[in-house]
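Enquirer: Before anything else, here's the structure in question.
The values are calculated or read from the model by the stated rules, or taken from the named source; none is laboratory data. None of these values were measured; they are calculated from a predicted model. Cβ: placed from backbone, ideal geometry, glycine included. Neighbour counts: every protein chain shown.
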Amino acid sequence: MRTTFAGAAIAIAAVLTLTACDGSGDAGDKPAADVSAEPRKAGAIVLDAPKAKPDLVLTDTSEKKYELVKETKGHPVLLYFGYTYCPDVCSTVVSDIAAAEKKLSKEDRDNLRVVFVTTDPERDTPKRMREWLDAQGGQDIVGLTGDFATIQAAAKPLGILVEPPKKEKDGSVTVSHGAEVVGFSPKDDGGHWIYTASTTSEQYAKDLPKIVKGENP
């Protein structure tokens, strides 16, 4: 896996992370390159102006149509773009969120929507996504797959770069995608918060009770 930092800003000149992973096999594959990243401790970046929730219609892990705006309206939402063959970052982010979610009260947990959108839809079938999410502890996490162009277009207005999977000469597949998690408020359905791959499970656990209420962490 290769982690670099881009200069693109999300409303407040936040540093974005682009993750390029060799996802040719299972999650246990060796990284394509060494990791170079900041210590994992970052909390939420609060945006000056909220991002609109993508009007995204894809297929969930039950192979049913899932309309993101309709299904999550009035709920707190964490939205992440990644893929199941990612050797490290994606599983770390998803498992950290899943662990933090379990520390919420039952009422808050039932209210929260965590949505994982694949950046590798050709390989990430609904069945594989469900098995992978469950393996990360994310039984409550919604997994979505579908047309790549639709997914890429939905990520762009959020400031998250998603590039087409690239097949290398050795047969491996490199998938580059932004590693940010976008938090949407239940008050206005706007994206008010950005988390990076540096955010820990402990930090999510600290912030989620406020996110659920639509308050700044």
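Enquirer: Which one of the conditions (1) crowded, with 16+ Cβ neighbours inside 10 Å; (2) in contact with a Gly (Cβ under 9 Å, 6 or more places away or on another chain) does K187 fail to meet, given that it meets all the rest?
Expert: Exception for K187: condition (1).
Enquirer: Tally the residues that are of a type in the set (V, I, T) and without any contact (Cβ under 8 Å) to a residue 24 or more places away in the chain, restricting the search to segment 42-68.
Expert: The initial filter retains those residues of segment 42-68 that are of a type in the set (V, I, T), namely 45-46, 57, 59, 61.
In the following step, the residues that additionally are without any contact (Cβ under 8 Å) to a residue 24 or more places away in the chain were identified as none.
Going through segment 42-68 one residue at a time, the tally reaches 0.
Enquirer: What is the number of the single condition among (1) more than 21 Å from A98 (Cβ to Cβ); (2) modelled with pLDDT under 95 that A179 does not meet?
Expert: With (1) more than 21 Å from A98 (Cβ to Cβ); (2) modelled with pLDDT under 95 applied to A179, the lone miss is (1).
Enquirer: Which of the residues belonging to segment 99-158 are in a strand (DSSP E or B) and within 18 Å of P76 (Cα to Cα)?
Expert: R113, V114, V115, F116, V117, V142, G143, L144
Enquirer: I need the full set of residues from segment 74-110 which are of a type in the set (D, E, K, R), surrounded by 16 or more Cβ atoms within 10 Å (Cβ to Cβ) and within 22 Å of S185 (Cβ to Cβ), in order please.
Expert: D96, E101, D108
Enquirer: Applying the selection to segment 180-217, what residues are within 14 Å of the chain's Cα centre (by Cα) and farther than 13 Å from A42 by Cα?
Expert: Correct list: V182, G183, F184, G191.
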